[in-house]
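Here the structure is laid out as structure tokens; the discussion comes afterwards.
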Amino acid sequence: MRASHIVAAISLVAVLDVYIMLVSAPVLEGLNGGRTIFDLRFGYSPETARRLIAGFGENGWRAYALWHTAPDTLLAVAECAALVMICLRATRPGGRFSVRMRPELRAAVIAAPVAQAVFDIAENGLVLGMLAQGAGAEGWLIKAASSATMLKWISAAFSLTIAFSLGGYALLKWIRRRQG
């Protein structure tokens, strides 16, 4: 993979992040009395979830499905691709500036971005399921969605730390080599 592929994936992530933070999240929060949407919380109780669902109403959950879920799912995939590419490029065998790693560890390094994407996509489906059930959403569904949200954020912290650490170390090696 080329650096241009990584730049393209990061650019898509940036565009989708801007859309979510400046368009879909504010619109959805406006439909729900200014309350933070499910995706931007670090978990929630069944009571909080039911209040949010009731606040959305039918129009709100349709807006969530139309204006937020698809871009957020695409963001999960694009972010996973970008982070995996950064990790693989920074640890590629034989690369002049690569971080040397055994193949098993190299494979393990990509687990965090993949887990982040899986939990984010699961969260999106579970939130849509809650919204479809309305204010009477089943407790197990709310707990599963909240857990997926928390696991998404935990995985995101790990994956970003790993990718930036490996990428930064490889960049530092490149700079040192250029300086002689």
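Descriptive notes on the structure:
- A straight chain from ALA135 to THR161 at 0.36 nm per residue would run longer than the Cα-Cα distance by 5.6 nm.
- Given charges at beta-carbon only (K, R positive; D, E negative), |dipole| of segment 1-139 in Debye: 760 debye
- Approximating the spin labels as points 7 Å out from Cα along Cα→Cβ, the ALA14-to-LEU128 distance works out to 2.9 nm.
- Each of GLY57, PRO46, LEU105 was scored by the projection of its Cα onto the charge dipole of the chain, and the greatest displacement toward the positive side belongs to LEU105; charges sit on the C-beta of Lys, Arg, Asp and Glu.
- Ordering of 99-111, 48-60 by burial proxy (mean other Cβ atoms within 10 Å per residue, highest first): 48-60, 99-111
- Cα coordinate range in segment 42-180, projected on the principal axes (Å, largest first): 65, 26, 19
- In nm, spacing of pseudo-spin labels at GLU29 and ARG178 (7 Å Cα→C-beta vector): 3.9 nm
- Counted over segment 1-53 with a bin width of 10 Å, the fraction of Cα pairs per bin, in whole percents, is 22, 36, 23, 15, 5.
- Karplus-derived 3J(HN,Hα), 6.51/-1.76/1.60, for each residue of segment 32-49, Hz, glycine and proline x: 10, x, x, 6, 4, 6, 3, 4, 9, 9, 9, x, 6, 7, x, 5, 5, 4
- Gained length - LEU66 relative to VAL7, 0.36 nm times residue gap less alpha-carbon distance: 18.5 nm
- Cβ crowding within 10 Å averaged over residues, with 61-67, 73-79, 20-26 ranked highest first: 73-79, 61-67, 20-26
The numbers here are math on the coordinates, done by the rules we state, and not lab data. Predicted, not measured: the structure shown is a model, and the values here were computed from it. All Cβ positions, even for glycine, are placed from backbone atoms using ideal geometry, and neighbour counts span all protein chains on display.
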